[in-house]
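Working notes for the structure below.
Taken together, the values in this text are just the output of simple stated rules run on the coordinates, not laboratory data. Predicted model, so just to flag it, every value in this text is computed and none were measured. Cβ placement follows ideal geometry from the backbone for every residue including glycine, while neighbour counts extend to all protein chains displayed.
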Amino acid sequence: MKAVILAVLLTYAAASCMDERTTAIAEGHDQRPGGFVPTCIANGNWAPRQCQPNTGMCHCRLPDGIKINEGSRELRYCECPIENYRKTKRGLLGVHRPKCQKNGLFEKIQCHEGYCYCADESTGKRVSEFVVSSSHCELQC
């Protein structure tokens, strides 16, 4: 039963992007200034980064199409904003939510509960030892 429900939900999410894309094109959104036409990936899910070519504004979406941030001309990547959004939505105390740059990459210095470390900008993975947050200026990231 759970597998059937999951399959239906995944099919709905995948169909939603393609359906919305088809509708947007049929309504001429691709020809309007500021018009938005969803970008879908091969499996039918929403592409993480969605942009309006006429304005240069981009935002991030989850695979099911949920928009997670406001539009920005600086946004180039969505891994950090998506991870931050998912951890925030869980509502758990003590969970590290990554800090993101305006372009969507991870901040090079990440801090959590009094400790800081250098992080890979693309993945957010720790690439240094932890230091006490008051010493984070000593990190050479």
Next item on the list: Label the stretch 79-138 by shape, choosing from rounded, prolate and oblate, from the square roots a ≥ b ≥ c of the eigenvalues of the Cα gyration tensor; if a/c is under 1.5 it is rounded, and otherwise prolate applies when a/b is larger than b/c, oblate when it is not.
Entry: oblate
Notebook entry, point to check: By how many nm would the segment from residue 54 to residue 67 grow when fully extended, if each residue of separation counts as 0.36 nm and the alpha-carbon distance is taken off?
Noted result: 2.8 nm
Notebook entry, point to check: Among rounded, prolate and oblate, which fits the chain when a ≥ b ≥ c are the square roots of the eigenvalues of its C-alpha gyration tensor, a/c under 1.5 means rounded, and a/b larger than b/c means prolate?
Noted result: oblate
Check: Using θ = phi - 60° and the Karplus curve 6.51 cos²θ - 1.76 cosθ + 1.60, what whole-Hz ³J(HN,Hα) does each residue of the stretch 87-94 get, with Gly and Pro shown as x?
Finding: 6, 5, 5, 5, x, 7, 6, x
Checklist line | Interchain or long-range residues, amide H under 5 Å from residue 75's placed H | finding: 58
Next item on the list: Run the quick spin-label model on residue 76 and residue 134: label points 7 Å from Cα toward the beta carbon, then report their separation in nm to one decimal.
Entry: 3.7 nm
Next item on the list: Compute the length gained on full extension between residue 95 and residue 123: take 0.36 nm times their separation in residues and subtract their Cα-Cα distance, giving the result in nm to one decimal.
Entry: 8.4 nm
Margin query: For the chain, which cysteines have no second Cys with its Cβ under 4.7 Å from theirs?
Written below: 137
Margin query: If you fit an axis through the alpha-carbon atoms of helix 2-26 and take the longest principal axis of the Cα set of the chain, what angle between them do you get, 0 to 90°, nearest 10?
Written below: 70 degrees
Note to self: Test of understanding: ordering 92, 139 by Cβ neighbours within 10 Å, fewest first, what list do you get?
What the structure shows: 92, 139
